[in-house]
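Participant: Sharing a structure, written as structure tokens. Questions coming.
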Amino acid sequence: MTNRRSFLKTNTTLAMAAPFLSPGFYPMRKQKRNKKLGVALLGLGGYASGQLGPALQETKHCYLAGIVTGSPSKVPKWQDKYNIPDENVYSYDNFDSIADNDAIDIVYVVTPNALHMPFTVRAAEAGKHVICEKPMEISSDRCRKMIAACEKAGRKLQIGYRLRYESHHKQIMDFAKNETYGKIKVMDTNFSFYGINGSNWRFTDVSLSGGGPLMDIGLYSLEATLYGSQLKPIAITAQSYKSIPDKLPGMEESIFWQMEFPEGVIANCGSSYAARSNYFRVSTEKGWYAIEPAFSYGGLKGVINGESMNIKNHNQQAAQMDAFAINIQNDTPVIASGAQGLQDMVYVEAIYEAAETGKKVRV
């Protein structure tokens with residue numbers, strides 16, 4: 001069976017991405033300030049239609065201005081629902097002409113994972129700021145190309161890590177920064193769901209997904225340990241499993257990994273397409289706190305030493321996109337930056353290496 005590593009070694013350039021690369025470069029325009037910024041969603045799949053489109057009706061600093069799709073049949077529904085004018089509708093073929101559209105300030109790339117890099121490069125070259133859905137890409141090398149393209153164009157890049165802008169998770173970050181309950185000792189986290197029988201690209205095509213649950217929901221567990229500790233890991237061990245060989249071709253079904261941090265801090269993490277879990281727990285010198293469910297789009301519940309955090313839920317995607325719009329308007333650093341997305345992919349590659357070799361990987 002072809003595993004993730006052998007596939008990526010022999011398909012580093014991904015021939016399918018070649019048609020999407022643009023040789024052109026469009027000059028930057030001076031950023032418009034003190035107005036709502038126009039967002040174009042590139043890729044109109046389930047996340048765009050179920051979460052991002054509705055969230056852009058709640059944002060205060062940006063709005064849904066346009067769409068980019070490879071499926072013309074989806075266009076009428078989106079235009080009718082969101083009143084999108086014809087001039088703000090693009091196909092993948094004519095996407096580069098978005099450079100001439102001043103109504104579009106931001107392109108949100110919501111395609112399959114392996115198409116994030118080519119579309120991010122094209123958007124940056126067209127003079128647009130970019131939000132790229134997680135994972136940033138399917139390899140760290142491709143992430144670096146995205147960062148380089150945005151830096152060359154002078155455009156900002158955000159990765160779609162919605163939970164870095166969510167109130168429960170921001171509280172966890174503050175606890176770590178301030179050592180509110182003392183130093184962290186152990187973190188436990190798992191995000192899993194029953195997706196083993198899934199039929200879309202995420203479960204059937206490793207050339208698009210780049211891997212199994214780790215490249216999807218496992219990133220939430222990884223991210224939580226990083227911002228939840230405010231530390232960087234120093235070593236990783238991992239184990240992957242598969243109970244049904246003919247499902248998830250070239251991908252793991254379940255993966256568990258352990259991260260060692262400075263000062264003896266340990267994180268026990270997991271993700272699976274054959275189970276159901278959704279939690280993040282932190283044990284400290286002076287007690288414990290947790291979020292469960294931790295990674296859903298809503299309904300998060302936080303607990304501190306058994307007592308409720310009393311934090312209200314809010315639209316996570318709206319908060320994420322508004323924060324990026326403010327970064328652009330005020331020229332401030334992006335929290336969920338391309339650098340963070342790249343760092344996460346380096347850790348993902350280390351997790352896969354540890355699982356495949358059975359050895360501890362230093363990072």
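Participant: Suppose R0 equals 51 Å. What FRET efficiency, 1/(1 + (r/R0)^6) with r the Cβ-Cβ distance, do K35 and Q171 give to the nearest 0.05?
Facilitator: Working from the Cβ atoms, E equals 0.95.
Participant: Helix check for the chain. Which DSSP H runs span at least 15 Å along their own axis by Cα, with a mean Kyte-Doolittle hydropathy no less than -0.5?
Facilitator: Going by DSSP H runs, the hits are 218-229, 316-330, 338-357.
Participant: Need the full-extension length gain, E292 to S243, defined as separation in residues times 0.36 nm minus the C-alpha distance. One decimal, nm.
Facilitator: Between E292 and S243, full extension yields 14.9 nm more.
Participant: Looking only at GluC sites (Glu not before Pro) in DSSP loops with at most 16 other Cβ atoms within 10 Å, what is the longest site-free stretch of the chain?
Facilitator: 59-178
Participant: Please go through the residue pairs K134/K177; K60/K183; K128/K177; K35/K156; K74/K134 and name each one whose alpha carbons sit more than 28 Å apart in this structure.
Facilitator: Table pairs above 28 Å Cα-Cα are K60/K183; K128/K177.
Participant: Cross-link partners among aspartates and glutamates for K77, C-alpha distance below 20 Å, same-chain residues fewer than 8 apart left out?
Facilitator: Result set, ordered by chain and number: E58, D86, E87.
Participant: Could you compute the FRET efficiency for N83 and K359, with r as their C-beta to C-beta distance and R0 at 41 Å, rounded to 0.05?
Facilitator: Approximately 0.15, to the nearest 0.05.
Participant: Can you give the log10 of the normalised intensity I(q)/I(0) at q = 0.07 Å⁻¹, computed with Debye over equal Cα scatterers of the chain?
Facilitator: -0.30
Participant: Here is a follow-up. Let me understand region 105-166 better: what is its radius of gyration from the alpha carbons, and its Dmax, in angstrom?
Facilitator: Rg, Dmax (Cα atoms, Å): 10.6, 31.
Participant: Between Q230 and N313, what length in nm is gained on full extension when 0.36 nm per residue of separation is reduced by their alpha carbon distance?
Facilitator: Using 0.36 nm per residue and subtracting the Cα-Cα distance, I get 27.6 nm.
Participant: Determine which lysines satisfy two conditions relative to K359: a Cα distance under 22 Å, and not lying fewer than 8 residues away in the same chain.
Facilitator: By straight Cα distance, K359 reaches K9, K232, K242.
Participant: Quick check on the chain: helices-only [θ] at 222 nm, where DSSP H runs of length 4 and up contribute -39,500 (n - 2.57) each and the sum goes over total residues. Nearest 500, please.
Facilitator: Result for the chain: -8500 deg cm²/dmol, rounded to the nearest 500.
Participant: Separate question: Please give the contour-minus-distance gain from E179 to N330: 0.36 nm per residue of separation, less the Cα-Cα distance, rounded to one decimal in nm.
Facilitator: 51.3 nm
Participant: In nanometres, what is the gap between the two model label sites at R276 and S73, each 7 Å from Cα along Cα-to-Cβ?
Facilitator: It works out to 3.1 nm between the two label points.
Participant: Work from the charge dipole of the chain (Cβ charges, +1 for Lys and Arg, -1 for Asp and Glu, about the Cα centre) and give the residue of F175, V348, Y82 farthest towards its positive end.
Facilitator: F175
Participant: Loop-only check: which chymotrypsin sites (Phe, Trp or Tyr not before Pro) in region 271-344 are DSSP coil with at most 11 other Cβ within 10 angstrom?
Facilitator: Within region 271-344, no chymotrypsin sites (Phe, Trp or Tyr not before Pro) qualify (loop, at most 11 other Cβ atoms within 10 Å).
Participant: Would you work out which of A114, G298, A224 lies farthest towards the positive end of the dipole of the chain, given +1 charges on the beta-carbon of Lys and Arg and -1 on that of Asp and Glu, about the Cα centre?
Facilitator: Of the listed residues, the answer is A224.
Participant: Order of T69, T332 from fewest to most other C-beta atoms within 10 Å?
Facilitator: T332, T69
Laboratory data are not the source of any read-out in this text; all were calculated from the coordinates shown. Model, not experiment: these values are computed from the prediction. Here Cβ is always computed from backbone atoms with ideal geometry, including for glycine, and neighbour counts include all displayed protein chains.
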